[in-house]
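Structure first, commentary second.
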């Protein structure tokens, strides 16, 4: 029996294979934001991470003021709190458009900021001939481009859900 004649074949089910694949891809993408935000956020409370941030923050004019206000450890701790909160909000985004919007905004700001560091610190490996060979800082930062995209997706989904809910009549809520 061909798949077109089989009523139980997934292509004819209400949720198609591509739709399930898209749902799985979204879950993996969101997990790809949540895990680094949570794990790196937790690291921000260690002396190793406080030290690792020093060259990135101190060499970035639009971030270096954080050290004057909060100190090195305080800046790291503040970033850790923001990252852990953002991860929790993105997890909750599945059930709450407000969480999606807040988490999407926090993650978007975080990843846009880390990507902006690439404008201030050397990211090309001179020993290998420079561009396109990334050095350690460049390799660490470049991945945030994909994470920024997922963060914008979470934010947009939250905004769309809020917009749809605002259009529903009160009796259908």
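Bear in mind these aren't lab numbers, they're just calculated from the coordinates by the rules spelled out. Remember, it's a predicted structure, so these values are computed and weren't measured experimentally. For neighbour counting, all protein chains shown are included, and Cβ atoms are generated from backbone atoms with ideal geometry for every residue, glycine included.
Taking region 76-139 as the region of interest, what is the percent of Cα-Cα pairs per 10 angstrom bin, listed from the shortest bin to the one with the maximum distance?
Cα pair-distance distribution for region 76-139, in percent: 21, 33, 24, 18, 4.
Rounded to the nearest 0.05, what FRET efficiency do residue 156 and residue 48 give with R0 = 30 Å and r taken as the Cβ-Cβ distance? Could you check?
0.30
Relative contact order of the chain: what whole-number percent is it, with Cα pairs under 8 angstrom and at least 6 residues apart?
Over the chain, the number comes to 21 percent.
Of (i) 30, 18, 13; (ii) 39, 23, 13; (iii) 24, 20, 14, which is the value of semi-axes √(5λ) of the Cα gyration tensor in Å derived from the coordinates here?
So the calculated entry is the one marked (ii).
Report, to the nearest 10°, how far helix 47-58 tilts away from the longest principal axis of the Cα atoms in the chain, using its own Cα long axis and a range of 0 to 90°.
Tilt of helix 47-58: around 80 degrees.
Suppose only helical runs count, i.e. DSSP H with n ≥ 4. What mean residue ellipticity at 222 nm does that imply for the chain under -39500 (n - 2.57) per run, divided by all residues and rounded to the nearest 500 deg cm²/dmol?
-23500 deg cm²/dmol
Order these by the 10 Å Cβ neighbour count, fewest first: 70, 131, 111.
The most exposed by this proxy come first: 131, 70, 111.
How do 44, 98 rank when sorted from fewest to most other Cβ atoms within 10 Å of their own Cβ?
The fewest-first ordering by Cβ neighbours comes to 98, 44.
Can you give me the Cα centroid spacing of region 56-95 and region 120-173 in angstrom?
Each part's Cα centre sits 16 Å from the other's.
Quick one: order 72, 83 by neighbouring beta-carbon count within 10 Å, fewest to most.
So the ranking, lowest neighbour count to highest, is 72, 83.
Decide, for region 31-72, between rounded, prolate and oblate: order the square roots of the alpha carbon gyration tensor eigenvalues as a ≥ b ≥ c, take rounded if a/c falls under 1.5, and otherwise choose prolate if a/b is larger than b/c, else oblate.
Since a/c reaches 1.5 and a/b is larger than b/c, the shape of region 31-72 is classed as prolate.
Residue 59 to residue 28: FRET efficiency via 1/(1 + (r/R0)^6), r the Cβ-Cβ distance, R0 41 Å, to the nearest 0.05?
0.75
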